[in-house]
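Student: What follows is a single structure, and I will ask about it in a moment.
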Amino acid sequence: MRRVSTGGWVGGGLSTGWGRGWWGDCRLSSLDGMTQALPSQTANLADMQSDAISRRQAGIAGLSLDEMRNRERSGRWQRRYRAVYVAHSGPLTRDTELFAALLRAGEGATLSHQTAAERHGLLDEPSALIHVTVPSGRHPARHRDIPGVVIHRSCHLDQTRHPAMNPPCTRVEDTVLDLVESSGSFDEAYQWLCRAVGRRRTTAQRLVVVMAARKKMRWRAQITVALGEVGAGILSSLERRYVREVERPHGLPSARRQARVRQETGNRYLDNLYEEYGVCVELDGTAAHPADEQWRDKRRDNWNLVQNDIVTIRLGVRDLGVAACRTAHDVAARLRLSGWPGLPHPCRTPTCPLRAEPLP
């Protein structure tokens, strides 16, 4: 059934009954049975918010408190949070859950962190907890009764909120940087950068610009370097370790990252391709190729690269730990056999095998 609204949204925020977001005369040309008896503005608000509506919104739109309570008692409505209803009795959709959380959090509330990552396609499953950011002036006591919701605060929320997404959500670059700041380790932070760029939701250059506008940023210097690496195609922590612990310290030539190779079955992307010498270093395992890197072919372990005249060396986590120097020795030996004219050199590790076993 088609709904017609002559009203609109103002200010890019969620209407919570404080005068932001909703204006104008709204009516329905026709309604389904569940919302048929509602005043027109109440029905439109519920429709625009996936059937979630706050007590204050419903009151301003023309529904009395007694009518709301009657609908809840009769089972036509259900209460999701204190002073927040769902205008039907069935299961809640994800959008309904998110709108209800925002309504309970109050004016200016915006989805952020893992929940914003979910909305931007950086996560494949809904976040276990709903993350919401509110203006920094909010009193924390208001949010103690929101089960399953994590409240963050920001004094720059108007700048970081996406101008068009509904329900309101932080911009993808700010979402990524928020997740970087809240990460438990630098490796975890690096994975968020890899995920955002690897899934092509943003670019390393955009993240650099947005980060520069932040006065405070955890790991700023390291993240700046990391963004340069991510922009060059180093899209996992294991790939980063290969470059930093194998390739560079031992004087190996620089490979082409995420190199596209055309085959009969389509394009394939190789982690590290030494194209001139026909050698490829593939980094296998969940640490190297997490499931979120959707743009890669997940079945490339079965590739037959002989038809491309490429010799493939497959490495795992153990090859980049205590065995990193031995790995460098073996990769260098393969490159030398394939025509590399250079010579590797030992790293600073006293036991580096390139000290005792220099290549001819």
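The values are calculated or read from the model by the stated rules, or taken from the named source; none is laboratory data. Keep in mind that what you see is a predicted model, and the values were worked out from it rather than measured. Cβ placement follows ideal geometry from the backbone for every residue including glycine, while neighbour counts extend to all protein chains displayed.
Student: Would you point out which residue out of ALA255, ALA212 is under 29 Å from ALA332 (Cβ atoms) and of a type in the set (A, V, I, L, M)?
Tutor: Details: ALA212 fails: under 29 Å from ALA332 (Cβ atoms).
Of ALA255, ALA212, the one residue that is under 29 Å from ALA332 (Cβ atoms) and of a type in the set (A, V, I, L, M) is ALA255.
Student: I've got another one for you. Those residues that are surrounded by fewer than 15 Cβ atoms within 10 Å (Cβ to Cβ), over 24 Å from the mean Cα position of the chain (by Cα) and small (Gly, Ala, Ser), I need them from region 82-140; list them, please.
Tutor: Correct list: SER89, GLY90, GLY137.
Student: Just give me the residues in region 316-334 being buried (at least 17 other Cβ atoms within 10 Å of the Cβ) and in contact with a helix residue (DSSP H, G or I) (Cβ under 6 Å, 6 or more places away or on another chain), in sequence order.
Tutor: Result: ASP319, LEU320, ALA324, CYS325, THR327, ALA328, HIS329.
Student: Something else now. Might you let me know whether region 319-330 holds any residue that is modelled with pLDDT under 90 and within 33 Å of the chain's Cα centre (by Cα)? Reasoning before the result, please.
Tutor: To start, the set of residues in region 319-330 that are modelled with pLDDT under 90 comprises 321-322.
Narrowing further to those that are within 33 Å of the chain's Cα centre (by Cα): 321-322.
Yes, some residue in region 319-330 is modelled with pLDDT under 90 and within 33 Å of the chain's Cα centre (by Cα).
Student: Would you pick out the residues in region 151-165 that are surrounded by 17 or more Cβ atoms within 10 Å (Cβ to Cβ) and part of a loop (DSSP other than H, G, I, E, B)?
Tutor: Filtering region 151-165 down to residues surrounded by 17 or more Cβ atoms within 10 Å (Cβ to Cβ) leaves 151, 154, 157, 160-162, 165.
HIS162, MET165 - these are the residues of region 151-165 that are surrounded by 17 or more Cβ atoms within 10 Å (Cβ to Cβ) and part of a loop (DSSP other than H, G, I, E, B).
Student: Considering each residue of region 331-360, count those that are more than 40 Å from the chain's Cα centre (by Cα) and of a type in the set (A, V, I, L, M), and give that number.
Tutor: 5
Student: Quickly run through region 183-202 and pick out the residues that are polar (S, T, N, Q), touching a helix residue (DSSP H, G or I) at 6+ places or on another chain (Cβ under 7 Å) and surrounded by fewer than 17 Cβ atoms within 10 Å (Cβ to Cβ). Quick ask: steps written out before the conclusion?
Tutor: First, the residues of region 183-202 that are polar (S, T, N, Q): 183, 185, 191, 202.
Pick out the ones that are also touching a helix residue (DSSP H, G or I) at 6+ places or on another chain (Cβ under 7 Å) and you get 183, 191, 202.
Scanning region 183-202 gives a single hit, SER183.
Student: ILE223 is checked against (1) in contact (Cβ under 8 Å) with a residue 40 or more places away in the chain; (2) surrounded by fewer than 17 Cβ atoms within 10 Å (Cβ to Cβ) and fails just one. What number does that condition carry?
Tutor: In the conditions (1) in contact (Cβ under 8 Å) with a residue 40 or more places away in the chain; (2) surrounded by fewer than 17 Cβ atoms within 10 Å (Cβ to Cβ), ILE223 misses (2) alone.
Student: Identify all residues within region 179-212 that are touching a residue at least 40 places away in the same chain (Cβ under 8 Å), within 11 Å of the chain's Cα centre (by Cα) and under 20 Å from SER154 (Cβ atoms); write none if there are none.
Tutor: Once the filter is applied, which keeps residues that are touching a residue at least 40 places away in the same chain (Cβ under 8 Å), within 11 Å of the chain's Cα centre (by Cα) and under 20 Å from SER154 (Cβ atoms), region 179-212 yields LEU179, VAL180, TRP192, ALA196.
Student: Got a sec? Which of ARG56, ARG69 is without any contact (Cβ under 8 Å) to a residue 60 or more places away in the chain, closer than 14 Å to LEU102 by Cβ and either outside the structural domain of ALA105 (by TED's automatic domain parsing) or surrounded by fewer than 20 Cβ atoms within 10 Å (Cβ to Cβ) (or both)? So that I can check it myself, show each step before the final result.
Tutor: Working: ARG69 fails: closer than 14 Å to LEU102 by Cβ.
Unique residue meeting the criteria: ARG56.
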